[in-house]
Amino acid sequence: MISFKRIFSALAALLFCLPLAPLSAQQRPDINFEAYLQLLAAKARAEGVSEATIRQITSGLTPNERVMNLDRSENTPPRSGYPAMAPYIAQHVDSARIGGGRSVLASLGTRAWSIEQQYGVPAEIVIAIFGHETNYGSYVGDFDLARSLATLAWEGRRRELFAGEFVALLKIADRGVPRSRLVGSFAGAFGYPQFLPSIYLRLAVDGDGDGRSEIWSSRADALASIANYFRDAGWRSGQPWGVRAAIPAGFDFSAVETKLVSPVCPRVHERHSQWKTVREWRNLGVSPLAPLADDVLASLFQPDGPGRPAWLLTGNYRVITEYNCSNYYALSVGLLADEIAR
């Protein structure tokens, strides 16, 4: 006799193979939460998660209305124009964060050099990410990740993404990570680097040699994992993220506007110029104010308009935007890293 559980599991597998249309923020989810949780459990079961872990994590879960409200408020349609960059930089590259980063760097000792040697990513860049994400580990979030991810998947706006992250979380729990450690942001990021569960499974590493990747308690593991993320994203060793640039009076920005539309983070990259070698920028009168080889490709970025600071950005700047799709974030990370290194 075929059990109901096997029939339900087969149906769940079929449903997860079909595209699920995202819902608008104003619609209620199109399925009862308990029923949808069973679909998630079936997906996890099909991917090898143990029954004990599935029961432990899903038992008693309820949707979190606050998570849905936060998700909707953070994903409102973009307004026209851009807020000024300078106030954001002043707030996020301040004396406290600079001092905190320098203290972390000093405390690492030779481990900072080891990170750079192994991954090819400067320790100050890694530390700047650590500082931006969790203020050097002082706050990592207190949302129950299982409840948050199940809620966001059930809500439906980005169902495929969050269903996958929920299953990834179950896989982490299946490795023996206690539920008490699986807390973080409302959107499912956790630990000192604020990795999503799928990123943890793919890129978290053991930085202190104890055989575990404890990004929620080990600074060494967290920093090595961030460096591994950057290496995986294509960081080019020995090349800065960007440098300040001097632009001649009357420079015609329209002549260097990009014609490309980025498939990822279009509002970020539409503000950058065409890519040119530093030699070509020099020929146009744009001068880097720090060492940058003539054959390096760079784009010009002057976020607050004529007469305000400008930068020549390399491909490594785009690696920072892979971590967080925002010019405000990426530029402040780069500038904080520069200050930490001074």
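The values are calculated or read from the model by the stated rules, or taken from the named source; none is laboratory data. It should be emphasised that the depicted structure is a prediction, and the values quoted were computed from it without experimental measurement. Positions of Cβ are generated from backbone atoms using ideal geometry, with glycine treated the same way; all protein chains shown enter the neighbour counts.
Here are some notes:
- Annotation note: of VAL126, VAL177, the sole residue that is assigned by TED's automatic domain parsing to the domain that holds ALA41 and of a type in the set (Val, Ile, Thr) is VAL177.
- Checklist (1) without any contact (Cβ under 8 Å) to a residue 40 or more places away in the chain; (2) more than 22 Å from ASP294 (Cβ to Cβ) applied to ALA255, failing item: (2)
- Odd one out for LEU14 among (1) surrounded by 14 or more Cβ atoms within 10 Å (Cβ to Cβ); (2) among the hydrophobic types (A, V, I, L, M, F, W, C); (3) in a helix (DSSP H, G or I); (4) at pLDDT below 95: (1)
- Across region 167-187, the number of residues qualifying as over 16 Å from LEU203 (Cα atoms) and under 17 Å from the mean Cα position of the chain (by Cα) comes to 5.
- Of the set (1) closer than 16 Å to ASN324 by Cβ; (2) part of a loop (DSSP other than H, G, I, E, B), all apply to ARG97 but (2).
- Against the test of being among the small types (Gly, Ala, Ser), modelled with pLDDT of 95 or more and more than 25 Å from the chain's Cα centre (by Cα), the options ALA233, ALA246, ALA220 yield a single qualifying residue, ALA246.
- Meets criteria (within 30 Å of PRO240 (Cα to Cα) and under 17 Å from the mean Cα position of the chain (by Cα)) for VAL126: yes
- Selection status of TYR88, at pLDDT below 95 and closer than 16 Å to SER332 by Cβ: no
- Qualifying residue in region 329-342 (condition: surrounded by fewer than 15 Cβ atoms within 10 Å (Cβ to Cβ), without any contact (Cβ under 8 Å) to a residue 24 or more places away in the chain and more than 30 Å from LEU105 (Cβ to Cβ)): no
- If you filter region 225-252 down to residues that are more than 22 Å from LEU289 (Cβ to Cβ) and charged (D, E, K, R), you find that the one that is surrounded by the fewest Cβ atoms within 10 Å (Cβ to Cβ) is ASP232.
- Residues that are out of contact with any Gly (no Cβ under 9 Å at 6 or more places or on another chain) and of a type in the set (D, E, K, R) were ranked within region 300-328; the one that is surrounded by the fewest Cβ atoms within 10 Å (Cβ to Cβ) is ARG308.
- Counting only helices (runs of 4 or more DSSP H) wholly contained in region 235-339, no element carries 1 or more residues that are polar (S, T, N, Q), within 20 Å of ALA90 (Cα to Cα) and touching a Leu at 6+ places or on another chain (Cβ under 7 Å).
- Subset tally (residues that are in contact with a strand residue (DSSP E or B) (Cβ under 6 Å, 6 or more places away or on another chain) and touching a residue at least 40 places away in the same chain (Cβ under 8 Å)) for region 294-328: 11
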